[in-house]
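One structure is given below, encoded as structure tokens.
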Amino acid sequence: MKKKIIERYDVSDNGEVIIKISAKKVEDLYNEYDKKSSFSKKDLDQELVEYIIESVNEIGKEPFSLKFYLEDQIPKGLQEKVRNSIKLYFSYLQDLEKKKMKEQVKNSFIFIIIGLFFTTCSLLSGDSESFIVKILSEGMLVAGWVSLWEALATLLIKWLPLTKKLKTFTRVFNCDVEFA
């Protein structure tokens, strides 16, 4: 299956998959809302970002480069600004993903503390003969297990997509950007 996917792309002489991107002009690569910003500070067009991410995910671990085809030839200085802006934008996305990952770890830690607290309280109050205390004890035990489960689910299930995104952003950040 992977070979069929790679066959959809051109491959350079050095074995890199070439992700081709066509646009009329350089400005088409960027978000329309920040026209007054310099290229290094502009956000890339969201459809372009999604296309790049989907392409990188599609080719898997194959080495790749981005190759831009613009109708008008652009000077070397502008090419370098575009290269830098792509790197800066994907560096920004890396930073956002790292922030989400830190938030996930923080939330998991909080859920573990809450879970251990409720579970401990439940176990300490479980020997009581009082009907009300037994109900509260069982409720705390359930709350503790739910909290511990949420902590584990956050780390084991929600963590993987974040690391995958981070790897993709890092790969784009490190790739070659060429102009035809």
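A short reminder: the numbers here are calculations on the coordinates, not readings from a lab. What you see is a predicted model, and the numbers here were worked out from it, not measured in a lab. Cβ atoms come from the backbone with ideal geometry, glycine included; neighbour counts cover every protein chain shown.
Brief remarks on what is shown
- Packing-based order for 94-107, 141-154, using average beta carbon neighbours within 10 Å, highest first: 141-154, 94-107
- For the chain, the longest principal axis of the C-alpha atoms and the axis of helix 76-125 are separated by about 10°.
- Of E129, E27, E58, the one that fluctuates the most in a GNM where the chain has Cα springs shorter than 10 Å: E129
- The range 135-180 and the range 66-120: distance between their alpha carbon centers, rounded to Å: 14
- Rg/Rh (Cα only; Kirkwood hydrodynamic radius) as it applies to the range 2-179: 1.25
- Counted by Cβ distance under 13 Å from F111, the other residues give a net charge of 0, where Lys and Arg count +1 and Asp and Glu count -1.
- For the set K4/K102; K42/K165; K20/K164; K4/K67; K42/K164, the pairs lying more than 31 angstrom apart at their alpha carbons are K4/K102.
- Within straight-line reach of K100, meaning a Cα separation under 17 Å, sit the following aspartates and glutamates at least 8 residues removed in sequence or on another chain: E150.
- Lys, Arg +1 and Asp, Glu -1 on Cβ, resulting dipole of the chain about Cα centre, debye, nearest 20: 360
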